[in-house]
1. Evaluate the following for A:Arg51: is it on the phi < 0 side of the Ramachandran plot and in contact (Cβ under 8 Å) with a residue 60 or more places away in the chain?
2. In the list B:Arg88, B:Arg58, B:Arg112, which residue meets the criterion of being open to solvent by 20 Å² or more (accessible area, probe 1.4 Å), away from every other protein chain (no Cβ under 14 Å) and more than 18 Å from the chain's Cα centre (by Cα)?
3. Given the criteria within 15 Å of DNA strand C (Cβ to nearest atom), hydrophobic (A, V, I, L, M, F, W, C) and away from chain A (no Cβ under 14 Å), does B:Leu67 qualify?
4. Mind counting the residues in the stretch A:1-30 that are among the polar types (S, T, N, Q) and open to solvent by less than 40 Å² (accessible area, probe 1.4 Å)?
5. Exactly one of (1) surrounded by 15 or more Cβ atoms within 10 Å (Cβ to Cβ); (2) within 14 Å of another protein chain (Cβ to nearest Cβ); (3) within 12 Å of DNA strand C (Cβ to nearest atom); (4) aliphatic (A, V, I, L, M) is unmet by B:Leu76. Its number?
6. Given the residues B:Leu62, B:Leu67, which is the only one that is modelled with pLDDT of 95 or more and among the aliphatic types (A, V, I, L, M)?
7. Of the conditions (1) touching a residue at least 40 places away in the same chain (Cβ under 8 Å); (2) open to solvent by 30 Å² or more (accessible area, probe 1.4 Å), B:Leu117 fails just one. Which one is it?
2 protein chains.
Amino acid sequence: MAEEKRIDKVLQVWVRLIRASDKVVRNVEATLKAKDFPPIAWYDVLLELSREGGRKLRPVELEKELLVAQYNLSRLLDRLEAAHLIERTACQGDGRGQMIALTAEGRAMQKRMWPILRDAVEEHVAANLPERDIEQLAKLLGAIGGGLRPNSCS
Amino acid sequence: MAEEKRIDKVLQVWVRLIRASDKVVRNVEATLKAKDFPPIAWYDVLLELSREGGRKLRPVELEKELLVAQYNLSRLLDRLEAAHLIERTACQGDGRGQMIALTAEGRAMQKRMWPILRDAVEEHVAANLPERDIEQLAKLLGAIGGGLRPNSCS
DNA sequence: GACATATAGATGCAATTGCATTAATGTCAA
DNA sequence: TTGACATTAATGCAATTGCATCTATATGTC
């Protein structure tokens, strides 16, 4: 009986987790699109590269940071490259690989997207949650997601 | 400064929410697929119909319950129908609409999927969270997601 | 009844995702 | 060095999603 109750609670978390995530992502994507910005996935790549200063990253590294499937990243990079936001260059030392560099345009895009994204996230995630709940939530979600790194950065 | 800190926390929740949800969904989908079961989306429809006993539902109703886009639901129902898990019948009283009925096969599928899904969710969502955290999480996620209904049912 | 407008559901088409496989190196042991 | 095996990245193809639009029926107004 106590077991039954627990599984019900877990299922409730399951449903709410998916719905909350879905809702928030849709809203933020919509905000970006409404202002003619590219999707969140593009921002993630641009941010990851921005964080490295001028250092170039290899797709494999991005893959690990962003938790994107290899074939999806490959094509995401195609799109970013076509939009002149990144550049692919050969990787000396490893003939298989390549280095991904942010272009000036790419860096500018990341900077322009940042405040939009920040405000959208603040609005749709934190709506009217008190500081305490935010912290609690971060802690509990961290427990589900496993090891994660911090985020943000302009 | 206090503001800065808050937004950082909110962004952390944003990142973790997406990652936790993503991870959990992928794991559960993988579990289903590994046992040759259809995806979660199918289960959601089957469960919704099962809950109604023998009552048929209209796509519009499902749409609201499941929060799926109209055109996606239309095609999801195509697939379920092709798999003989549901049946579409005319809707008397409204010539535009239709009624969706669970077939015996559909009901059986829902029943077979239930324990698999339950265990997978228990494993991937609740891994090693104490009861208290589960409840906290449900409460907090509910605050983000807005009004939600309870779940589960075999 | 005739018309304007709203609602239910389907569908063509483009973009994205997932899956399986491939090509090209790299690594390491014999 | 060579051959077996691992790693990096790309790609053909099918399935799914998003978007815009379309058809058919309903509803309300005159």
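1. Numbers: on the phi < 0 side of the Ramachandran plot: yes; in contact (Cβ under 8 Å) with a residue 60 or more places away in the chain: yes.
Against the criterion (on the phi < 0 side of the Ramachandran plot and in contact (Cβ under 8 Å) with a residue 60 or more places away in the chain), A:Arg51 qualifies.
2. Working: B:Arg58 fails: more than 18 Å from the chain's Cα centre (by Cα); B:Arg112 fails: more than 18 Å from the chain's Cα centre (by Cα).
Just one listed residue meets the conditions, B:Arg88.
3. Working: within 15 Å of DNA strand C (Cβ to nearest atom): yes; hydrophobic (A, V, I, L, M, F, W, C): yes; away from chain A (no Cβ under 14 Å): no.
For B:Leu67, the condition - within 15 Å of DNA strand C (Cβ to nearest atom), hydrophobic (A, V, I, L, M, F, W, C) and away from chain A (no Cβ under 14 Å) - is not met.
4. Our first condition is that a residue be among the polar types (S, T, N, Q); within the stretch A:1-30, this holds for A:12, A:21, A:27.
Subset that is open to solvent by less than 40 Å² (accessible area, probe 1.4 Å): A:12, A:21.
Count: 2.
5. Of everything listed in (1) surrounded by 15 or more Cβ atoms within 10 Å (Cβ to Cβ); (2) within 14 Å of another protein chain (Cβ to nearest Cβ); (3) within 12 Å of DNA strand C (Cβ to nearest atom); (4) aliphatic (A, V, I, L, M), B:Leu76 misses just condition (2).
6. On the way: B:Leu67 fails: modelled with pLDDT of 95 or more.
Criteria check complete, one pass: B:Leu62.
7. Condition (2) is where B:Leu117 drops out.
The values are calculated or read from the model by the stated rules, or taken from the named source; none is laboratory data. As the structure is a computational prediction, the values presented were derived from the model and not from experiment. When we count neighbours, we look across all protein chains shown, and the Cβ atoms used for this are built from the backbone with ideal geometry, even at glycine. Just so you know, the surface numbers come from the protein's heavy atoms only, side chains and all, with ligands and any DNA or RNA stripped out. Shrake-Rupley method; radii C 1.70, N 1.55, O 1.52, S 1.80 Å.
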